Amino acid sequence: VQLQASGGGLVQPGGSLRLSCAASGSIFSINVMGWYRQAPGKQRELVAAIGSGGSTNYADSVKGRFTISRDNAKNTVYLQMNSLRPEDTAVYYCNKAVGRSLPWGQGTQVTVSS
């Protein structure tokens, strides 16, 4: 399975973006999928995860602002990001949230700046 994230861009503080992650193969069998981000000079961190049944978990830093969802029929995972802040600036990736990671894709750059 290969993963391709898209939907990033430049947005002003308070703005919104919706990221998509398309998988080349079926993600139905992957129990928990997640969105990660990596800011310059920082380690990659998991910001949101979703189980196959739709249960979700979020990092405290994005709780109440980000929403993760998945469409197994389309092999796609989404991240709706609202009320964006400059500290949300990072490259965003999707991957398994539990177990050995799949090969990392290129990610999509999100820049929050006025």
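Considered as a group, the residues in segment 47-64 that are assigned to a loop (DSSP other than H, G, I, E, B) and among the hydroxyl-bearing types (S, T, Y) include one that is surrounded by the fewest Cβ atoms within 10 Å (Cβ to Cβ), and that residue is S55. Within the bounds of segment 23-46, is there any residue that is within 18 Å of S113 (Cα to Cα), of a type in the set (V, I, T), in contact (Cβ under 8 Å) with a residue 24 or more places away in the chain and open to solvent by less than 60 Å² (accessible area, probe 1.4 Å)? For segment 23-46, residues within 18 Å of S113 (Cα to Cα), of a type in the set (V, I, T), in contact (Cβ under 8 Å) with a residue 24 or more places away in the chain and open to solvent by less than 60 Å² (accessible area, probe 1.4 Å): absent. Exactly one residue out of R100, R70 is over 12 Å from the mean Cα position of the chain (by Cα), among the basic types (K, R) and either at pLDDT below 95 or assigned to a loop (DSSP other than H, G, I, E, B) (or both), and it is R100. For the condition open to solvent by less than 30 Å² (accessible area, probe 1.4 Å) and among the aliphatic types (A, V, I, L, M), V98 does not qualify.
Kindly indicate whether V91 is surrounded by 20 or more Cβ atoms within 10 Å (Cβ to Cβ), assigned to a strand (DSSP E or B) and touching a residue at least 24 places away in the same chain (Cβ under 8 Å). When the stated conditions are applied, V91 does not pass them.
Could we say that G15 is part of a strand (DSSP E or B) and of a type in the set (G, A, S) here? When the stated conditions are applied, G15 does not pass them.
State yes or no: is V77 touching a residue at least 24 places away in the same chain (Cβ under 8 Å), out of contact with any Gly (no Cβ under 7 Å at 6 or more places or on another chain), open to solvent by less than 10 Å² (accessible area, probe 1.4 Å) and within 21 Å of Q4 (Cβ to Cβ)?
On the way: touching a residue at least 24 places away in the same chain (Cβ under 8 Å): yes; out of contact with any Gly (no Cβ under 7 Å at 6 or more places or on another chain): yes; open to solvent by less than 10 Å² (accessible area, probe 1.4 Å): yes; within 21 Å of Q4 (Cβ to Cβ): yes.
Judged against the criteria, V77 is a match.
Across segment 101-111, the number of residues qualifying as open to solvent by less than 60 Å² (accessible area, probe 1.4 Å) and either touching a residue at least 40 places away in the same chain (Cβ under 8 Å) or in contact with a Pro (Cβ under 8 Å, 6 or more places away or on another chain) (or both) comes to 6. The residues of segment 65-74 that are open to solvent by 60 Å² or more (accessible area, probe 1.4 Å) and not aliphatic (A, V, I, L, M), listed by number, are T67, K74.
The values are calculated or read from the model by the stated rules, or taken from the named source; none is laboratory data. Owing to the predicted nature of the structure, the values given are computational and were not obtained by experimental measurement. In this analysis, Cβ positions are derived from the backbone assuming ideal geometry, glycine residues included, and neighbour counts consider all displayed protein chains. Ligands, DNA and RNA are excluded from the accessible area calculation, which covers all protein heavy atoms including side chains. Shrake-Rupley method; radii C 1.70, N 1.55, O 1.52, S 1.80 Å.
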